[in-house]
Amino acid sequence: MFRTRPDARPATVEVLVEGTPVLVPEGASAAVAVLLAGLSAIREMPVTGSPRGPLCLMGVCFDCLAEIDGVPNRQACMVPVAPGMRIARQRGAREARP
Amino acid sequence: MTDFDVAIIGAGPAGMAAAVEARSRGLSVLVVDENAAPGGQVFRAAEAAAQDPAVGPAIAPGLPLVAAFRGSGATYRPATTLWHLDADEGALSLAAHGRAEDVTASRVILATGAQERPVPIPGWTLPGVMTAGAAQILLKTAGVVPSGAVVLAGQGPLVWLLAVQLARAGVASLVLETRTTSLAAALARAGGGVWAGRRLLAKGLALMAGARRRGVRVVTGIRGPRAEGEGRVQRVAWEGGSAPCDTLLLHEGVIPSTHVSRAIGLEHEWDATQACWRPVADAFGGSSHPRIAVAGDGAGIGGWEAAVAAGRLAALDAARRLGALAEDAFAARTATLLAVRAAALSPRGFLDALYAPPAAVLAPADDVIACRCEEVTAGAVRRAARLGATGPNQLKAYLRCGMGPCQGRLCAPTVAALIAEARGLAPGEVAPLRPRAPYKPVTVGMLAGGAETLQQGGK
Ligand code: FES
């Protein structure tokens, strides 16, 4: 439910959202890439499993926690996209990995 | 010997102006900012967005400041998080690109800016519900707009600015204005500030007219907005109406971001007009801690022009305290800036009165989620308060509010207001949440890496 405006800001950076390639403008965050991929939710809550999408996009709400390039629990709205970045949604609580 | 004379947290209007002023007094300056480019919220991604006709006009006034900041010679650390500040030692713990680092500064200026006031309404956790500020960030950082049915619900200058910007970008939104204070009542309450602020007020009225002219539909005086839908927002409803909705953008004004100022234990005061806490500060931003100054919206909402003046005042005060500026020169320089700031602040009383948040936004109904991270309802908070939770710090033990990933950034104002209401106290009588370091999550690996470089004698 979001679209780019190519005349103002062309989508030139290719990232992978849940494994699917998406073109996004330079300067966009990983959270914006998820929205442009057509997904409304980024995470499922650890408490009830309800879906959540980004609320603030400015680092306040933490509703955008995602796994980025293999690192879980990152604030997707605070991470600018880079070519080839892998962005995956997060379900439930993270487990500590050895 | 410290690494820097002045460390500034935040590269928004106040932080950039402080950096430029401090550099012009010959001080060494470090600027730490979480974002990738300078500008703060109001001038976010200013350089990249300047040519975009949707947001360009609003961003243009910030470009000279961004350019002056870039050329100031300050050490600028973008995409960098301050995760701990030892005020007594002047030691800052930073994290960037997966690495931790410690630096020291003789004086620290917190220019952490504002965040949007939480707008807890029924259904606000549904995907597709965002803040108006988030929509502006989409526009400024990436030129992205919501498609489908777009609804703005709330009040304040940003609602109208965003409606115009979206319209310029080809998105005709529906504005549901929650304002219940009449112009006449706001004028009566504000008293004398109106004439001095007429430029800003004229701008506001022009925005509203511009929005309507561009096809923005407006319903005024709505009550009880709620988001509805299965798995995502599909409809917005209010008392006596409803509309289809794919993206709901909420806004009830902004409040100071006090996460860091709280965590380091600065004294704060309750601002009854703006219904928020702010750090106690003197005319030059000097806080209750001898090393720390606060400047800009993080010290009380005043808008970017007041923030620029405040940043420069805090920098001049730093120069004076560090012996780089004589008392008489300080007095001469600051006199003008104090007047500039007073003029910039003069319309605030009127704006604050006009856009006072509804009681149901400050303390929502029992079935509304107050704490999004731990999914705790307002009713649960009220019950815990009646059982004996005297404030947000005690409530953590009852319900975990403030212990989720946001560390209370979003829920703290709501939780405090609910406790105050349940215990029959004034909002300023409930001791607010005291956040702890790390202010943002850092990995154990990052900390271990930082410790290693320190052991090797590195910085
Ligand atoms: S969307 Fe709020 S922290 Fe990322």
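The values are calculated or read from the model by the stated rules, or taken from the named source; none is laboratory data. From a predicted model like this one, the values you see are computed outputs, not experimental measurements. For neighbour counting, all protein chains shown are included, and Cβ atoms are generated from backbone atoms with ideal geometry for every residue, glycine included. Side chains included, ligands, DNA and RNA excluded: accessible areas come from the protein's heavy atoms. Shrake-Rupley method; radii C 1.70, N 1.55, O 1.52, S 1.80 Å.
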Spin-label model distance (nm) - residue B:339 vs residue B:403, 7 Å beyond Cα toward Cβ
5.5
Cut-off under 5 Å, modelled amide H: who pairs with residue B:149 long-range
B:246, B:247
Among bridges DSSP assigns within chain B, what percent are antiparallel (round to 5)?
45
In Å, what Rg and Dmax follow from the Cα atoms of the protein assembly as shown?
22.4, 68
So if R0 is 41 Å, what FRET efficiency would residue B:218 and residue B:60 give, r being the distance between their Cβ atoms, rounded to the nearest 0.05?
0.95
Kindly state, to the nearest 0.05, the FRET efficiency for residue A:50 paired with residue B:282, given R0 = 60 Å and r defined as their beta-carbon distance.
0.85
How big is the antiparallel share of DSSP beta bridges in the protein assembly as shown, given as a percent to the nearest 5?
55
Convex hull of Cα atoms in chain B, direction-averaged projection (nm²):
22.1
Would you grab the residues whose amide H sits under 5 Å from the one on residue B:370? Only those 5+ places off in sequence or on another chain, please, with H modelled 1.01 Å from N.
B:376, B:377, B:378
Magnitude of the charge dipole, region B:202-274, Cβ model with Lys/Arg +1 and Asp/Glu -1, debye to 20
560
Charges on Cβ only, +1 for Lys and Arg, -1 for Asp and Glu, centred on the Cα centroid of the protein assembly as shown; of A:55, B:431, B:283, which one is farthest towards the dipole's positive end?
A:55
Among A:81, A:47, A:71, residue whose mean-square fluctuation peaks in a GNM of chain A (springs only between Cα atoms under 10 Å)
A:47
Please work out how much length the chain gains when fully extended from residue B:183 to residue B:429, using 0.36 nm per residue of separation minus the C-alpha to C-alpha distance, in nm with one decimal.
85.5 nm
3J(HN,Hα) from dihedral phi, region B:218-223, Karplus parametrisation 6.51/-1.76/1.60, rounded to Hz, x for glycine, proline
10, 10, 9, x, 6, 10
Taking the Cα centre of the protein assembly as shown as origin, work out the dipole magnitude from +1 charges on Lys and Arg Cβ and -1 charges on Asp and Glu Cβ, in debye rounded to 20.
900
If each of residue B:67 and residue B:24 carries a label point 7 Å out from its Cα toward its Cβ, how far apart are those two points in nm?
1.5
Intensity falloff of region A:25-89 expressed as log10 I(q)/I(0), Debye formula with alpha-carbon point scatterers, at q = 0.13, 0.17, 0.18, 0.19 Å⁻¹:
-0.29, -0.50, -0.56, -0.62
Which percent of the accessible area of chain B is formed by carbon and sulfur heavy atoms (probe 1.4 angstrom)?
56
Difference of contour (0.36 nm per residue) and Cα-Cα distance, residue B:242 to residue B:203:
11.0 nm
Shape call, region B:1-55: gyration tensor on alpha carbons, a/c limit 1.5:
prolate
Please state the charge dipole magnitude for region A:25-89, taken about the Cα centre, from unit charges on C-beta atoms (+1 on K and R, -1 on D and E), reported in debye and rounded to the nearest 20.
80
Nearest-0.05 FRET efficiency for residue B:96 and residue A:7 at R0 = 35 Å, using Cβ-Cβ distance, is 0.55
All-pairs alpha carbon distance profile, region A:23-63, 10 Å steps from 0, percent:
28, 52, 18, 2
